[in-house]
Amino acid sequence: MAVYAFQCVEHGPVDVRFPIGTAPPTSSCPRCGAAMRRLFSPPALRLSSRALVAAIERDERSRTDPEVVTAIPARAGRPARATHPAQQRLPRP
Ligand SMILES: [Zn+2]
């Protein structure tokens, strides 16, 4: 997916995502539905790590398609033993 810029007469520049190479010359504004013409700008090329790019894409995707939790996450629980020998001498509840 790539982000393409369109110009709405009422809302100004609007970013719309399309698969690379499939952006139409016009689109409809997601806020008012008016026809928008496509703006041409230099591509935003960056050298970023894959983890950072994946995190950014997940963040952007969560705006429209948030991940839904269907169950309560498992509880981490308490550590079985104290990590320091002095903590083992402390009174227990
Ligand atoms: Zn609009």
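The values are calculated or read from the model by the stated rules, or taken from the named source; none is laboratory data. Keep in mind that what you see is a predicted model, and the values were worked out from it rather than measured. Cβ sites come from the backbone with ideal geometry, for glycine too, and all protein chains shown count toward neighbours.
For segment 63-70, indicate whether the set of residues that are within 16 Å of the ligand (Cβ to nearest atom), outside any loop (DSSP other than H, G, I, E, B), at negative phi and at pLDDT 85 or above is non-empty. No.
A count restricted to segment 41-57 and to residues that are surrounded by fewer than 10 Cβ atoms within 10 Å (Cβ to Cβ) and outside any loop (DSSP other than H, G, I, E, B) stands at 2.
Scanning segment 13-40 for residues that are near the ligand (Cβ under 8 Å from one of its atoms) and either touching a residue at least 60 places away in the same chain (Cβ under 8 Å) or not in a loop (DSSP other than H, G, I, E, B) (or both) yields Val14, Met36.
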